[in-house]
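Chemist: Here it is, the structure in full.
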Amino acid sequence: MAFTRTYDGAEPVRINKWLGQTGVCSRREAEGLIAEGLVSIDGEVVRDAGRKIEPGQTLTLNDKGEAALAAGVVILLHKPVGYVSGQPEPGKIPAVRLLTTANRVGDGETPARDASLPPVGRLDEDSRGLLLLSSDGVVAKAVIGPQSDLDKEYLVRVAGAVTEAKLTKLRHGLELDGRQLKPARVTQIEPQRLRFILREGRNRQIRRMCELVGLDVVDLYRIRIGPLKLSELPEGRWRMLTADERAALIKG
């Protein structure tokens with residue numbers, strides 16, 4: 001069934017901008033759909049990327065357009081320790097091996113064994129938690145693109161003395177590879193347990209940050225990427241992202 005939505009704004013707005021704001025797709029995706037004649041306003045096919053939708057008008061994305069948006073697969077996996085996110089070295093086990101029907105939670109088609117599903121934000125082999133695997137370029141750009149502002153939340157167990165001075169340094173003032181890190185939100189939630197909320201994803205960032213202040217990471221567990229939470233998904237299991245979750249990631 002074709003996607004249909006009525007514009008309830010007060011002023012006319014460009015179609016691609018409105019679709020981007022509502023999270024249906026990115027502006028660039030919207031321009032492509034318009035160019036292919038897959039979008040109509042009140043029954044009239046629109047081919048002008050600059051066209052505006054008026055208050056009260058109804059936009060329809062036909063079945064082919066919906067299929068085009070659904071072509072990108074986005075999978076949420078609860079990655080255990082011992083699996084690598086991306087292309088493995090000899091002897092390492094890739095996280096995509098966990099994408100079996102037996103491990104699936106909820107509806108959806110299990111990807112083919114040779115499906116291309118690169119990680120969208122890596123987790124180290126010795127880290128666990130929320131990992132996105134996707135062939136959806138729009139989602140990848142929203143999560144790890146240079147303009148992404150999505151934060152990522154981690155629960156981290158450390159060894160070593162946790163002091164306020166160390167927490168202050170972790171929050172602000174550290175450098176990695178000669179570059180200043182963005183401010184981080186770091187709170188102590190138990191004597192040896194910290195919560196990190198980052199807006200960047202440098203290589204092994206949290207582990208290296210902790211090393212700089214004399215702490216060793218014992219366990220690193222990612223529980224959230226932007227609006228997307230791991231919640232109660234069991235370790236080693238996976239599920240498909242819903243259309244609303246995809247829209248929320250894109251919208252940021």
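The values are calculated or read from the model by the stated rules, or taken from the named source; none is laboratory data. Note that this is a predicted model, so its numbers are computed, not measured. Reconstructed Cβ throughout: ideal geometry from the backbone, glycine too, with neighbour counts over all protein chains shown. Just so you know, the surface numbers come from the protein's heavy atoms only, side chains and all, with ligands and any DNA or RNA stripped out. Shrake-Rupley method; radii C 1.70, N 1.55, O 1.52, S 1.80 Å.
Chemist: Please find the FRET efficiency linking GLU54 to ASP149, where r is the Cβ-Cβ separation and R0 is fixed at 45 Å, and quote it to the nearest 0.05.
Modeler: Calculated transfer efficiency: 0.90.
Chemist: Further, regarding this structure: Counting only complete DSSP H runs, which helices of the chain cover 20 Å or more along their long axis at the Cα atoms and score a mean Kyte-Doolittle of 1.0 or above?
Modeler: Once both thresholds are applied, nothing remains.
Chemist: How far apart, in nanometres, would the label points at ASP216 and GLN180 be if each is projected 7 angstrom from Cα along the Cα-to-Cβ direction?
Modeler: 3.3 nm
Chemist: Still on this structure, please answer the following. Which entries of LYS152/LYS182; LYS166/LYS229; LYS79/LYS251; LYS79/LYS152 show an alpha-carbon separation above 19 angstrom in the structure shown?
Modeler: Pairs exceeding 19 Å: LYS166/LYS229; LYS79/LYS251.
Chemist: Obtain the nm distance between the two label points defined at ASP42 and ASP126 by a simple spin-label model: each point lies 7 Å from its Cα along the Cα-to-C-beta direction.
Modeler: So the label points at ASP42 and ASP126 sit 6.4 nm apart.
Chemist: What length, rounded to one decimal in nm, is gained on full extension from ALA247 through to ARG28, with 0.36 nm per residue of separation minus their alpha-carbon distance?
Modeler: 77.4 nm
Chemist: Expressed as a whole percentage, what fraction of the accessible surface of segment 102-141 belongs to carbon and sulfur atoms when a 1.4 Å probe is rolled over the protein heavy atoms?
Modeler: Carbon with sulfur: 46 percent of the solvent-accessible area.
Chemist: Another question about this same structure. How large is the charge dipole for the chain, taken about the Cα centre, if only the Cβ atoms of Lys, Arg (+1) and Asp, Glu (-1) carry charge, to the nearest 20 debye?
Modeler: It comes to approximately 800 debye.
Chemist: Give the residues of segment 121-143 whose amide nitrogen is closer than 13 Å to a point set 7 Å from the Cα of PHE3 in the direction of its Cβ.
Modeler: Counting backbone N atoms under 13 Å from the label point, the list is 138-139.
Chemist: Can you give the calculated 222 nm mean residue ellipticity of the chain, where each DSSP H run of n ≥ 4 adds -39,500 (n - 2.57) and the sum is split over every residue, rounded to the nearest 500 deg cm²/dmol?
Modeler: Only helices count here, giving -6500 deg cm²/dmol.
Chemist: Additional query: Please list, in chain and number order, the residues 5+ apart from ILE223 or on another chain whose amide H is under 5 Å from its amide H, with Hs placed from the backbone.
Modeler: Sorted by chain and number, the residues that satisfy this are LEU130, GLU153, TYR154, LEU155.
Chemist: With all protein chains present and a 1.4 Å probe, how do VAL162, VAL139 order by accessible area, largest first?
Modeler: Reading off the accessible areas and sorting them downward yields VAL162, VAL139.
Chemist: Something else now. Can you figure out the FRET efficiency of ASP114 with GLU235, using R₀ = 22 Å and their beta-carbon distance, to the nearest 0.05?
Modeler: It comes to 0.30.
Chemist: Can you tell me the dipole magnitude for segment 110-252 around its Cα centre, using point charges on the Cβ only (Lys, Arg +1; Asp, Glu -1), in Debye to the nearest 20? Kindly include the intermediate steps, with their values, before the conclusion.
Modeler: Values: 26 positive and 20 negative charges, 51 e Å.
Computed about the Cα centre, the dipole is about 240 debye.
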